[in-house]
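Below is one structure, written out as structure tokens, with a few remarks after it.
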């Protein structure tokens with residue numbers, strides 16, 4: 001059984017370990033790691049029996065020396081891209097946004113759309129989450145491209161809550177309560193849910209509504225162009241209760257501009273763009 005070191009013996013052993021690390025780094029032409037990093041490595045449970053293990057982790061950027069960007073690059077590269085991002089693009093994003101893989105995917109997806117699709121998407125993403133959920137649900141209902149269990153319920157919407165109370169089984173309603181309790185413990189409130197009753201039967205909290213719209217925008221865009229009358233729901237973007245609709249006041253002005261007209265919903269005017 002290994003003898004437990006007292007404080008003095010432990011300090012001596014740590015000092016010897018640091019000296020060995022310093023000597024090897026000097027011979028290899030490596031920058032000496034900080035004493036704090038050495039202490040952290042020891043505290044991780046690696047011990048001080050083999051300094052070569054430490055040097056290997058240090059030079060190979062493994063364990064506590066692993067750089068966060070390395071994991072991010074690996075995660076990005078694990079995705080099946082139609083056009084794979086370059087390492088420089090990944091690093092540039094990481095420096096600005098950190099390891100937000102969802103945001104990276106959204107930005108890449110948006111960049112992949114044609115200009116008209118991208119412009120209408122960017123205008124759409126200015127809507128509040130509840131209006132984006134309304135758009136999503138209209139798309140699910142109108143297109144029939146995906147199952148009815150793709151519908152997103154808004155727990156602040158009285159009609160949705162009433163539907164849940166009347167139609168959801170007790171175990172799923174209990175799951176809503178459980179998830180909401182967990183959200184509250186983390187200082188958040190559960191608002192949007194999806195119940196995959198036609199698939200795995202599980203309940204899902206949906207927090208990233210913009211991400212859902214971005215991911216399916218090609219399909220949504222085509223359905224809006226094909227059946228605009230289905231997307232005339234109120235968005236109240238001018239003044240509350242003014243009757244402005246998604247298609248008329250968000251989507252169509254982008255189309256109009258593409259063919260040479262500026263529509264001003266506030267003033268109720270249309271202006272032809274003068275060609276240069």
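Yes or no, residue by residue, for (1) modelled with pLDDT of 80 or more; (2) surrounded by 11 or more Cβ atoms within 10 Å (Cβ to Cβ); (3) assigned to a helix (DSSP H, G or I):
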position	(1), (2), (3)
236	no, yes, no
239	no, no, no
243	no, yes, no
249	yes, yes, yes
253	yes, yes, yes
257	yes, yes, yes
266	no, yes, no
274	no, no, no
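Give segment 104-120 a look and list any residue that's under 19 Å from residue 209 (Cβ atoms) and either outside any helix (DSSP H, G or I) or within 17 Å of the chain's Cα centre (by Cα) (or both), or say none.
Across segment 104-120, the qualifying residues are 104, 105, 106, 107, 108, 109, 110, 113.
For segment 152-175, what are the residues that are out of contact with any strand residue (DSSP E or B) (no Cβ under 8 Å at 6 or more places or on another chain) and in contact (Cβ under 8 Å) with a residue 12 or more places away in the chain?
Passing the criteria: 156, 157.
Checking residue 99 against (1) in a helix (DSSP H, G or I); (2) over 13 Å from residue 246 (Cα atoms), which single condition isn't satisfied?
All conditions pass for residue 99, except number (1).
If you check 168, 183, which single one turns out to be at pLDDT below 95 and over 30 Å from residue 100 (Cα atoms)?
168
From the set of residues in segment 119-141 that are free of Cβ contacts under 8 Å to residues at least 24 places away in the same chain and crowded, with 17+ Cβ neighbours inside 10 Å, which is farthest from residue 193 (Cα to Cα)?
It comes out as 140.
Here are the criteria: (1) closer than 30 Å to residue 226 by Cβ; (2) touching a residue at least 24 places away in the same chain (Cβ under 8 Å); (3) touching a helix residue (DSSP H, G or I) at 6+ places or on another chain (Cβ under 9 Å). Tell me which single one residue 149 does not satisfy.
(3)
Output the number of residues of segment 161-198 satisfying the condition of being more than 23 Å from the chain's Cα centre (by Cα) and assigned to a loop (DSSP other than H, G, I, E, B).
Here the count works out to 4.
Answer with yes or no whether residue 95 is in contact with a helix residue (DSSP H, G or I) (Cβ under 7 Å, 6 or more places away or on another chain), outside the structural domain of residue 212 (by TED's automatic domain parsing) and either surrounded by fewer than 14 Cβ atoms within 10 Å (Cβ to Cβ) or free of Cβ contacts under 8 Å to residues at least 12 places away in the same chain (or both).
Judged against the criteria, residue 95 is not a match.
What's the number of the condition residue 85 fails, among (1) assigned to a helix (DSSP H, G or I); (2) modelled with pLDDT of 75 or more?
That leaves (1) as the condition not met.
The values are calculated or read from the model by the stated rules, or taken from the named source; none is laboratory data. Since the structure is predicted, the reported quantities are computational estimates derived from the model, not experimental observations. With ideal geometry, Cβ positions are generated from the backbone for all residues, glycine too; neighbour counts draw on all protein chains shown.
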